[in-house]
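Right, one structure below, let's go through it.
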Amino acid sequence: MGARAVLEVWAGNVTFMPWNLTLAFVPVVFGAFLFRRRTTSPLWWVGLAAFLAFLPNAPYVLSDVIHLADDVRATRSDAVVVAGVLPQYAAFFLAGLLAYVIALGELTGWLVARGWDRLRIVAVELAVHAACAVGVYLGRVPRFNSWDLFTRPDAVATTAADHLSDRYPLALVLATFVVLVVSTAVLRALIDDVRQAVARLRVRLA
């Protein structure tokens, strides 16, 4: 009975989780092609614009926490929540954040290779965090998509200016910005620790 209930919850989330994770990893793919090239071209800059437009899709998965609340309320068993609902959402959120950190790392690595100093790179990262926080809000509330930046830029700009003039949407954007800054720093530290541990293990096994 418990296993069946867990599977039912997982199956119910198939409607949005795979699609949102696919969109989350689109900027990772863009980054792998864009930021490993030494030269730029007009087509490269188009690719950069697409990378930045799709990047908010990675942290956007965090806004799907609204579905988590619905699943918890719909599940009558605490065991199902602990064994099924929470692990699924934890993996979902982690995958989205990892996609964000990896994609952002491709960008910052490219800037380092071009000789940018640490202060300017941090400034770029903070600007990207802020833009993505706005993008997450615009995707969740007014329901814009990444391609709307190209097909309806006037509507996106007008809606953003209108919504962010209010304190509540601005507070949501600022909260998302803080989450992105903190989670990026934490995940980078964890990834560095894993890499160091793997390197030590390889030395011992060599």
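Within the stretch 1-59, restricting attention to residues that are exposed (fewer than 14 other Cβ atoms within 10 Å of the Cβ) and small (Gly, Ala, Ser), the residue that is nearest to Phe150 (Cα to Cα) is Ala49.
In the set (1) over 17 Å from Leu48 (Cβ atoms); (2) under 11 Å from the mean Cα position of the chain (by Cα); (3) touching a residue at least 60 places away in the same chain (Cβ under 8 Å), Leu94 fails one condition alone, (3). Residue pairs, Cβ under 6 Å, 6 or more apart or interchain, first in the stretch 11-22 and within 15 Å of Leu68 (Cα to Cα) and outside any loop (DSSP other than H, G, I, E, B), second of a type in the set (A, V, I, L, M) and open to solvent by less than 30 Å² (accessible area, probe 1.4 Å). List them. That search, which allows pairs on different chains as well, returns Asn20/Val61.
Filtered by the rule that a residue be open to solvent by 20 Å² or more (accessible area, probe 1.4 Å) and either touching a Cys at 6+ places or on another chain (Cβ under 8 Å) or not in a helix (DSSP H, G or I) (or both), the stretch 121-146 gives Val141, Pro142, Arg143, Phe144, Asn145. If you go through the stretch 97-115 and pick out every residue that is open to solvent by 60 Å² or more (accessible area, probe 1.4 Å) and closer than 26 Å to Val61 by Cα, you end up with 1. Considering the conditions (1) open to solvent by less than 60 Å² (accessible area, probe 1.4 Å); (2) over 14 Å from the mean Cα position of the chain (by Cα); (3) touching a residue at least 40 places away in the same chain (Cβ under 8 Å), His163 is excluded by exactly one of them, (3).
The values are calculated or read from the model by the stated rules, or taken from the named source; none is laboratory data. Since the model is a prediction, treat every value here as computed from it, not as a measurement. Positions of Cβ are generated from backbone atoms using ideal geometry, with glycine treated the same way; all protein chains shown enter the neighbour counts. When the accessible area is computed, the model is the full protein with side chains, heavy atoms only, and any ligands, DNA or RNA have been set aside. Shrake-Rupley method; radii C 1.70, N 1.55, O 1.52, S 1.80 Å.
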